[in-house]
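What follows is a short report on a single structure.
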Amino acid sequence: MEKIIITIGRQFGAGGRELGKKLAEKLKIPYYDKEIMAAIAEKSGLSKEYLTQNDEVATNSFLYSLVMGTRTLSGQKTVEEIKMDAQREVMKELAEKGSCIIIGRLADYTLREENIFRIFLSAEKEDRIERVCNRDHLSEVEALKKIHKMDKLRASYYSEYADAEWGRAGNYDLCINLSKISTEKAIDMIIMNVSDWRRETRI
């Protein structure tokens, strides 16, 4: 099978990870999500704890760097710059290995020069609240606060490093509202669109 690289951006609580895993199983290709953190830790020397706490979070502002002690005054790279350099290297290495699905972490932007298929997944707020409540054992109020917080962090992160609007349809090849279609049907839709895309681009 010719190489297929699919990147998935998603709203918090939309069900992106579940879909990504099932899509990878159906296509019989690797799925990369949390594994990326371990690879970044190994390449950068940063702790997994730091990387987990700052996963998909823009921390490159001067004030944040001073408060967190991550900015040096000698012209050396900040911790965040080291992290992002390592993340870019990891993404490119994964893409070079062969077909794969990568969740979040600016994969669509980092691999923009590759022939990739970019997906963005959303869902209605009520469905996202229900998912987050069940998954994280939170009240509806707590779940809504977490959804707002995580969406804001992801949007800020994307804007900071990709200089583009997170979730904007024009930045993706396929956008799906998972409240309007089941995960299984969404997977079938993705496979059909990827197949059409491959024929048209003659990969």
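In the range 109-173, what GluC sites (Glu not before Pro) fall in a loop by DSSP, with at most 16 other Cβ atoms inside 10 Å? Let's see the in-between values first.
Values: sites: GLU113, GLU114, GLU124, GLU126, GLU130, GLU140, GLU142, GLU160, GLU165; in loops: GLU113, GLU114, GLU124, GLU165.
In loop regions of the range 109-173 (DSSP not H, G, I, E or B), the sparsely surrounded GluC sites (Glu not before Pro) are GLU113, GLU114, GLU124, GLU165.
Taking LYS146 as the anchor, which aspartates and glutamates have their alpha carbon closer than 17 Å to its alpha carbon, excluding any fewer than eight residues away along the same chain?
Excluding near neighbours in sequence, the set is ASP55, GLU56, GLU124, GLU126, ASP127, GLU130, ASP136.
Among the lysines, which have Cα under 17 Å from the Cα of LYS48 when same-chain residues fewer than 8 positions away are ignored?
Cα-Cα hits under 17 Å: LYS34, LYS83.
Which net charge results for the neighbourhood of ILE187, defined as the other residues with beta-carbon distances under 11 angstrom from its beta-carbon, given Lys and Arg at +1 and Asp and Glu at -1? Intermediate results must be reported in sequence, preceding the final value.
Values: positive: LYS21, LYS22, LYS26, LYS185; negative: GLU18, GLU25, GLU184, ASP188.
Net charge in that neighbourhood comes out at 0.
So how strong a dipole does the range 86-129 carry about its Cα centre when Lys and Arg Cβ are +1 and Asp and Glu Cβ are -1, to the nearest 20 debye? Kindly include the intermediate steps, with their values, before the conclusion.
On the way: 8 positive and 9 negative charges, 17 e Å.
Taking the Cα centre of the range 86-129 as origin, the dipole is about 80 debye.
Given labels modelled 7 Å from the Cα in the Cβ direction, how far is it in nm from GLU49 to GLU96?
In this crude label model, GLU49 to GLU96 measures out at 3.3 nm.
Sequence neighbours fewer than 8 away in the same chain don't count; with that in mind, list the aspartates and glutamates whose C-alpha is under 15 Å from LYS125.
LYS125 reaches GLU140, GLU142, ASP151.
I want to verify a result. In a Gaussian network model of the chain, Cα cutoff 10 Å, which of these has the top mean-square fluctuation: ARG105, ARG88, ARG135?
Checking each option, the largest mean-square fluctuation is seen for ARG135.
Please identify which residues in the range 15-53 have an amide N closer than 20 Å to a label point set 7 Å out from the Cα of GLU184, following the Cα→Cβ vector.
Correct set: 15-28.
Near ILE29, within a Cβ-to-Cβ distance under 13 Å, what is the net charge of the other residues, with Lys and Arg +1 and Asp and Glu -1? Write out the running numbers ahead of the final one.
Working: positive: LYS3, LYS21, LYS22, LYS26, LYS28, LYS97; negative: GLU2, GLU25.
Here the count lands on +4.
When the convex hull of the Cα atoms of the chain is projected onto a plane and the area is averaged over all directions, what value comes out in nm²? Before the final figure, lay out each step's value.
Working: hull surface 48.6 nm².
Averaged projected hull area, Cα only: 12.2 nm².
Kindly state, to the nearest 0.05, the FRET efficiency for GLU2 paired with GLU126, given R0 = 35 Å and r defined as their beta-carbon distance. Write down the numbers at each step before the final one.
Details: r = 40 Å, r/R0 = 1.14.
With a Förster radius of 35 Å, E is 0.30.
Around LEU111, under 15 Å between beta carbons, what's the net of Lys plus Arg minus Asp minus Glu among the other residues?
Values: positive: LYS3, ARG88, LYS92, LYS97, ARG105, ARG112, ARG118; negative: GLU89, GLU93, GLU96, ASP108, GLU113, GLU114, ASP173.
That works out to 0.
Which value, in debye to the nearest 20, describes the size of the charge dipole of the chain about its Cα centre when Lys and Arg Cβ atoms bear +1, Asp and Glu Cβ atoms bear -1, and nothing else is charged? Mind showing how you got there, number by number?
Details: 34 positive and 34 negative charges, 30 e Å.
Here the size comes out at about 140 debye.
All of the numbers you see were taken from the coordinates with simple rules; none came from a lab. Source: prediction; values computed, not measured. Every residue, glycine as well, gets a Cβ built from its backbone with ideal geometry; the counts of neighbours run over all protein chains shown.
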